[in-house]
């Protein structure tokens, strides 16, 4: 008898707790949105995404398709899904805290190279992922021209990062060009001067050789003395004077 009484008591307690939780959730969902906190990564120098764009997506993703007013109006799953379809966004996270504030964290894609082919123009991010140019913002980065194939994207990203992250190279190399023979050339900031790079193999060795040549000689006479500097041959530099 005592066991039966205890079972009934526990059952009633569970029902009561369930009712209280349901009431608390309903009450929480009926609360007005206290605040919308938007954090966009790297927004100090990259402006593909703005707070206004994020706010529009939140409202368009609401359960009623209108401006969100109450907590119950927001559809977190749909909001994240719609944010992730924006080509300039790398990742997103949306959540509501206990104070009734919506928190949105958004990562922006960072362009490492700007690819210009005869048919289109686009960016590559640090992972070699292709994404479009923006009508509202342009971030300066190394331009690569020519018939660029998709399988070359990641290799080009490695090369461009080696150039742009080096104090010597980034001050002299202004763009990369792929010729009709599928060889790459590094164009210099001196008229008519270029570096014959060849294929996208042995990047570290080629650029290390170039920097050593620069420190020992070019730093004193300048790139302008030469019409072409070739790195395409294994472990050697061939320089052609003007």
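Bear in mind these aren't lab numbers, they're just calculated from the coordinates by the rules spelled out. All of these numbers come straight from a predicted model, not from anything done at the bench. Here Cβ is always computed from backbone atoms with ideal geometry, including for glycine, and neighbour counts include all displayed protein chains.
Structure values in brief
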{"item": "Only listed residue being more than 21 Å from residue 178 (Cα to Cα), touching a strand residue (DSSP E or B) at 6+ places or on another chain (Cβ under 6 Å) and assigned to a loop (DSSP other than H, G, I, E, B), chosen from 49, 104", "result": "49"}
{"item": "2 or more residues in contact with a helix residue (DSSP H, G or I) (Cβ under 9 Å, 6 or more places away or on another chain) and at negative phi: qualifying strands (runs of 3 or more DSSP E) within the stretch 123-239", "result": "142-145, 173-178, 184-188, 194-198, 226-230"}
{"item": "Criterion violated by residue 188 - all others in (1) surrounded by 15 or more Cβ atoms within 10 Å (Cβ to Cβ); (2) under 19 Å from residue 115 (Cβ atoms) satisfied", "result": "(2)"}
